[in-house]
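**Q** One structure coming up, written as structure tokens, with questions to follow.
None of the figures in this text is laboratory data; all of them are computed from the coordinates on show. No experiment lies behind these values; they were computed from the predicted model shown. All Cβ positions, even for glycine, are placed from backbone atoms using ideal geometry, and neighbour counts span all protein chains on display.
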Amino acid sequence: MPRISPRMSASLARDIYRLVDIPKLKDAVSELEYTYGSVMEINNSNTLKGKSGGPGFVKSRTGFGLCALGKGAYQGHGFIVLRGTKFLADWLTNLNVGVSRSCNGQSVHDGFNRAFCSMKPQIKPFVRALAANGVHSVHCIGHSLGGGLATLSAEYVKATTALTPNLYTFGAPRVGLRSFADTLSSNVGSTKIYRVYHQTDIVPCIPFWPFVHAPSILGDAYDYFQPSPGVFPGAKWHDMSLYVDTVGTQKWSALRNKRNRNNNSASVLNWLNREGPVSFSVTNLEWLDKAINYVLAKCLSFVGGTLTGAFSGTFTLMDQLAYILKKGVDLSSNLSGLVMALIRKIMKMLGMQKIIDKTDATAAFIRSIFQKLSHRISTYCQKALDNVLVNGQSV
Amino acid sequence: MSSENRTKPCLFSAISGVITLNGKPVKNAQLKRIVGKAHAQGKVTDETTTDENGYFSMPAVFDKVLLAKVLPMEFSVPQEIFVYYEGKEYDIWSGVKRKREENSESRGKPLVVKCELEGERKRISVNDNLIYTRCNWDVEPDPPMVFDPPEDDED
């Protein structure tokens, strides 16, 4: 399926903001015709008001966007461009964030899922009519929370049509748990997920583990990480206009694989076993994220279980994590070493001096460490978000 | 730009100029400016009146950034100015400000405009700020968007 260029996807993700924020609908219609008239089929204003479903603006309390059919060079293409509302920070920094089922039955962030569900009645007729409209290529595009919503819309297109969409996100937060990311990566295909993010953009770092990004399969090969200065989150690096500048006129192949280090297991182990202090930075959080996933995957493959999104009130995800890691400690001396290295690393990041050995690693202790970590990350993210706002920048 | 406001996002730059009707300056015309807040629900509204030469001026509007629980978002602020004159309403400015800097609508220069109430409503994009307006000011608009053709997804 043909894809759109980095420049075009970034421009659409940027311009959806002004398209839906312009005060008068007639100007929004004029703007669509003026700017996109050569590549998109702009119907009459009735459809733009979303009255008849199909192509047009999508407006709900928590999300906005545009569904459009291509024309000219883009004949046979469908576009779903989404943006979120002002309610992002609360969701991202909420310690007690819930998980709910996506349209494909996977565990996803409840806030994002609700936002997508509020838009779905308006997106549904457009998606249903894709085949009837001769669409062979669908592009789901968004920045920030809009990128999260675009991710859910890509899952929805894949689950309800015969089409496999392309997904383009810029500075998007993590949408779901591992199972969601894995399923999306295999159903949509890692090669069709263009997740562009600046190194020091805080939003892609949150919500922290157990939320993970897609593509999770071949994630290192199809990684559109973009270097940005420093190790601490910089407010402006989340701005969509900066993503447009970063992308420039480069091709997707040029934007890919920009990391100057390897992300393989050996480098994760190397980070895990490195001596010395560990600062609380975006870079170390990213390493820690990889390390948790690595150690957990090892434990799971040994124990033969899976981490599920089904939590009861008394057995939380944190409990599951502690349980699985504890199993690892108990069942294998190799795993035990890994888990202990992970726990020691986390304790270092938390500034805890206490020296522990294997016998200290009870499920309750592991759980308490992860709870402390979760709290620390939440505080860190909230502080980063606050700094963003103090400096007059926004996320 | 006043220094204390340098770090606060500007929702609407200071704007001044002359309002005309069929080429003649209009005096005592009422101007109403409505600006969306960047990080919260709600709007900021202010008003002014033209003098005998049709001249008006309005100060810059900055976001009052409230800390802690303020909700983050991309900077995208709706802007409107209406003129009320001899019982009629004229929409002379309707746009979205996408850059936080003051005077981004005029690429850093003071925003000084000439607005003809019966003039054509024109589209202008400056620094990604998009405005549909009956006003003119001295500024270079953004170049039109370039649409690359679809690419084959095999590298």
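**Q** Which residue fluctuates the most in chain B, going by a Gaussian network model with Cα springs under 10 Å, if the choices are B:Q30, B:Q79, B:Q41?
**A** Judging by the Gaussian network model, the answer is B:Q41.
**Q** Relative to 2.2 N^0.38 Å, what does the C-alpha radius of gyration of the stretch B:3-136 come to as a ratio? Two decimals please.
**A** Details: Rg = 15.0 Å, N = 134, 2.2 N^0.38 = 14.1 Å.
For the stretch B:3-136, the normalised Cα radius of gyration comes out at 1.06.
**Q** Let me ask you something else. Rg(Cα) of the stretch A:119-257 divided by 2.2 N^0.38 Å? Working shown, then result.
**A** Details: Rg = 15.0 Å, N = 139, 2.2 N^0.38 = 14.3 Å.
My calculation over the Cα atoms of the stretch A:119-257 gives 1.05.
**Q** So, one more: Mind listing the long-range amide H neighbours of B:W93? Cut-off is under 5 Å, sequence gap 5 or more, other chains count too, H placed in the peptide plane at 1.01 Å from N.
**A** Sorted by chain and number, the residues that satisfy this are B:I81, B:R134.
**Q** Here's a follow-up. Find how much the distance from B:D153 to B:E101 grows on full extension, using 0.36 nm per residue of separation minus their present alpha carbon separation; answer in nm with one decimal.
**A** Numbers: separation 52, 0.36 × 52 = 18.72 nm, distance 3.82 nm.
Here the segment from B:D153 to B:E101 would lengthen by 14.9 nm.
**Q** So what are the radius of gyration and Dmax for the Cα set of the stretch A:168-240, in Å?
**A** Cα radius of gyration and Dmax of the stretch A:168-240 are 12.0, 35 Å respectively.
**Q** Is the shape of the stretch A:6-255 rounded, prolate or oblate, going by the alpha carbon gyration tensor and its root eigenvalues a ≥ b ≥ c, with a/c under 1.5 for rounded and a/b larger than b/c for prolate?
**A** Numbers: a/c = 1.43, a/b = 1.31, b/c = 1.09.
In terms of gyration-tensor shape, rounded.
**Q** Okay, next question. For A:N293 and A:S253 in one chain, what is 0.36 nm times their gap in residues minus the Cα-Cα distance, to one decimal in nm? Before the final figure, lay out the partial values.
**A** Details: separation 40, 0.36 × 40 = 14.40 nm, distance 2.71 nm.
Between A:N293 and A:S253, full extension yields an extra 11.7 nm.
**Q** While we're on this one: Given R₀ = 41 Å, FRET efficiency for A:M1-A:K59 by Cβ-Cβ distance, to 0.05? Please list the in-between numbers first.
**A** Numbers: r = 28 Å, r/R0 = 0.69.
Between A:M1 and A:K59 the formula returns 0.90.
**Q** Right, something else. About the Cα centre, and with charges only on the beta carbon of Lys, Arg (+1) and Asp, Glu (-1), how big is the dipole of the stretch B:3-136? Nearest 20 debye, please.
**A** Working: 22 positive and 18 negative charges, 84 e Å.
Around 400 debye, computed over the stretch B:3-136.
**Q** A follow-up question, please. Give, in nm to one decimal, the length gained when the segment between A:T283 and A:I355 is fully stretched (0.36 nm per residue of separation minus the Cα-Cα distance). Walk me through the intermediate numbers first.
**A** Details: separation 72, 0.36 × 72 = 25.92 nm, distance 2.47 nm.
Separation in residues times 0.36 nm, less the Cα-Cα distance, equals 23.5 nm.
**Q** Further, regarding this structure: Arranged by the count of other C-beta atoms within 10 angstrom, fewest first, what order do B:Y55, A:Y380, B:Y132 take? If you can, show how the numbers build up before the last one.
**A** On the way: B:Y55 13, A:Y380 21, B:Y132 24.
In increasing order of surrounding Cβ atoms, one gets B:Y55, A:Y380, B:Y132.
**Q** For the pair B:S16/A:R128, report the inter-label distance in nm, with labels modelled 7 Å from Cα in the Cβ direction.
**A** Each label point is offset 7 Å from its Cα along the Cβ direction, giving 5.8 nm.
**Q** Taking amide H positions as placed 1.01 Å from N in the peptide plane, with prolines and chain starts having none, which residues 5 or more places from B:F12, or on another chain, fall under 5 Å of its amide H?
**A** HN-HN under 5 Å from B:F12: B:V61.
**Q** Moving on. Taking the C-alpha atoms of the stretch A:95-188, how large are the radius of gyration and the largest Cα-Cα span, Dmax, in Å?
**A** When restricted to Cα atoms, the stretch A:95-188 yields Rg and Dmax of 12.7, 45 Å.
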